[in-house]
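The values are calculated or read from the model by the stated rules, or taken from the named source; none is laboratory data. Quantities reported herein were computed from a predicted structural model and do not represent experimental measurements. For neighbour counting, all protein chains shown are included, and Cβ atoms are generated from backbone atoms with ideal geometry for every residue, glycine included. Only protein heavy atoms, including side chains, enter the accessible area calculation; ligands, DNA and RNA are left aside. Shrake-Rupley method; radii C 1.70, N 1.55, O 1.52, S 1.80 Å.
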Amino acid sequence: MQIFDPRSIAVQSAHFIGGRVVPDTALLNVLRPSDGQVHAGLPLADASTVDAAVQNAWQAWRHTDWARRAPRERARVLRRWADLIEAEGERLAQLEAVCSTRPVRDAAAWDVPFTAEGLRFFSEYADKLGGEVAATRHDHLGLVVAEPYGVVGAITPWNFPLVMVSWKVGAALAAGNAVVLKPSEMTPFSVIRLAELAIEAGVPAGIFNIVQGDGRTTGDALTRHPLISKMTFTGSTRTGAAIMASCALQGPKPVTLELGGKSPQLVFDDVPDVDRVAGIVARAITGNAGQVCVAGSRLIVQRGVAEALIDGIAQRFGALKPGATWDGQATLPPIISAQQAARMLDIVERARDAGAQLRCGGGLFDGGPGGAYFQPTLIEGVTADNPAVQEEIFGPVLTVQTFDTEEEGLALAAHEHYGLAAGVHTADIGRAMRAMRGLSAGTVWINRYGRSDDFVIPTGGYHQSGIGKDLGRQAVEANLRFKSVLMDFAATHQ
Ligand code: ADP
């Protein structure tokens with residue numbers, strides 16, 4: 001059942017600068033991952049276009065009242081923006097789905113409402129983080145005043161284009177900054193509509209700008225621009241490190257980085273309902289075809305429940321139906337690109353060369369409408385140094401390791417480089433707490449896997465999985481800098 005016709009989704013080769021769509025020559029092709037066809041062209045902002053956008057943002061930040069107005073007024077604008085997004089839910093969901101891996105039904109039921117609700121969450125912080133009064137001697141007054149940075153640069157990945165804008169731009173705008181965003185060159189269109197709606201909601205022209213292009217040219221020019229006072233990024237660890245290095249060399253600025261992961265799902269043999277856990281574990285690695293930074297890609301299971309759990313997971317993997325993002329019956333979306341699918345196949349091959357066995361999957365589905373659809377894959381017989389355990393695959397590929405004692409389980413759950421998220425399944429509260437303390441990860445989910453709509457819980461990684469947090473109070477604070485003020489009124493007393 002086709003929910004929409006992908007060819008009917010019109011998009012423009014354009015940036016968004018100074019409050020309007022700015023058409024520019026198409027130099028890149030944007031493909032539809034679902035059928036591998038070229039959907040439209042995209043401009044490639046060079047350093048001078050990036051400079052125009054940043055200058056525009058800087059002027060808007062200095063000359064409009066966005067940063068100076070009552071914070072509650074900024075909050076009202078963000079809430080209006082959220083309302084407009086929800087009112088256009090269906091159109092936005094189609095725009096999101098056509099060039100991404102987000103099934104249109106999920107985009108309508110989850111991505112669009114989460115985008116709107118995320119903005120509402122940040123709007124509520126606009127007047128909550130003003131700073132503090134310091135403890136000083138009686139005839140002094142010490143203040144710590146929270147102020148926005150100015151222009152924040154944001155670079156986002158292709159897996160959740162709308163939601164990422166809500167997280168990055170919502171937090172920055174609530175704190176009173178202007179933003180220049182570079183979305184992924186693979187999923188660049190839906191966010192342009194979001195920017196138009198921001199203007200309609202009352203965000204002053206120039207406060208939210210978008211430059212289109214790739215990482216090497218456009219992303220790098222944005223990162224290096226001297227008027228960008230803070231960078232926020234979500235994507236791979238390697239690119240995050242490159243962005244941090246560019247910032248350091250071109251004039252240090254703070255960076256928030258949400259990076260890669262290789263997150264464990266640790267299952268103990270006291271779980272009361274193995275089948276329920278099988279459902280959670282399977283969903284955690286097949287949602288968005290595993291193309292999620294927090295995907296639970298390493299199953300670590302206590303021997304007593306291993307066979308029953310693996311059977312339940314394999315059964316669920318087998319029931320998934322690949323199909324285009326506009327196919328209402330499909331339950332497994334495509335891989336973002338042929339290159340990414342080839343990379344995944346290479347890791348699976350190297351995993352087998354290193355002694356791993358495939359319980360199911362391991363390759364691409366045959367036939368279909370074009371595009372690359374990866375079979376949900378279970379890999380057994382792996383050791384900690386196997387490539388499938390070591391490397392982030394970013395697809396529906398789950399490795400399985402078994403253990404006997406709690407200590408062994410926790411030791412297997414640790415990863416040499418990554419520490420983004422972890423899941424723990426147990427009926428024993430003491431064990432759950434020991435695991436929570438023992439796991440070196442930015443997020444630990446107990447008896448569930450995945451975020452809820454409790455946006456107040458921040459998200460971000462330990463180790464090479466990132467620096468700083470998205471969501472939560474921490475995300476707004478990361479968009480503020482703090483001015484220290486000390487007033488001495490003793491002298492005025494005589
Ligand atoms: P992915 O594997 O998801 O493409 P990346 O981390 O390479 O992961 O890309 C995430 C975002 O970072 C994209 O918007 C991409 O264009 C951008 N990007 C890639 N390389 C750079 C770079 N050197 N500097 C700035 N941005 C970059």
Looking only at the stretch 259-283, which residues are assigned to a helix (DSSP H, G or I) and open to solvent by less than 20 Å² (accessible area, probe 1.4 Å)?
277, 278, 279, 280, 281, 282
Exception for residue 251 within (1) at positive phi; (2) at pLDDT 95 or above; (3) open to solvent by 10 Å² or more (accessible area, probe 1.4 Å) falls at (2)
Considering every residue within the stretch 150-160, establish whether at least one is more than 20 Å from the chain's Cα centre (by Cα) and either surrounded by fewer than 24 Cβ atoms within 10 Å (Cβ to Cβ) or over 20 Å from residue 243 (Cα atoms) (or both).
yes
Could you tell me which of the residues 185, 196 is away from the ligand (no atom under 14 Å from the Cβ) and open to solvent by 10 Å² or more (accessible area, probe 1.4 Å)?
196
Against the definition (within 10 Å of the ligand (Cβ to nearest atom), touching a residue at least 12 places away in the same chain (Cβ under 8 Å) and in contact with a Gly (Cβ under 6 Å, 6 or more places away or on another chain)), how does residue 256 come out, yes or no?
no
Just checking, which of 446, 467 is surrounded by fewer than 23 Cβ atoms within 10 Å (Cβ to Cβ) and without any contact (Cβ under 8 Å) to a residue 24 or more places away in the chain?
446
Okay, strands (runs of 3 or more DSSP E) sitting entirely in the stretch 341-458 with 3 or more residues that are assigned by TED's automatic domain parsing to the domain that holds residue 275 and among the small types (Gly, Ala, Ser), I get 421-425
All-but-one check, residue 374 against (1) open to solvent by less than 10 Å² (accessible area, probe 1.4 Å); (2) on the phi > 0 side of the Ramachandran plot, failing number (2)
Tell me, please, whether a residue that is in contact (Cβ under 8 Å) with a residue 40 or more places away in the chain and closer than 20 Å to residue 312 by Cα can be found in the stretch 409-421.
no
Residues (of a type in the set (S, T, N, Q) and either within 6 Å of the ligand (Cβ to nearest atom) or open to solvent by less than 10 Å² (accessible area, probe 1.4 Å) (or both)) located in the stretch 211-225
212, 218, 223
Does residue 21 count as closer than 16 Å to residue 191 by Cα and either touching a residue at least 40 places away in the same chain (Cβ under 8 Å) or not assigned by TED's automatic domain parsing to the domain that holds residue 217 (or both)?
yes
Residues (under 13 Å from residue 256 (Cα atoms), polar (S, T, N, Q) and open to solvent by 20 Å² or more (accessible area, probe 1.4 Å)) located in the stretch 449-464
464
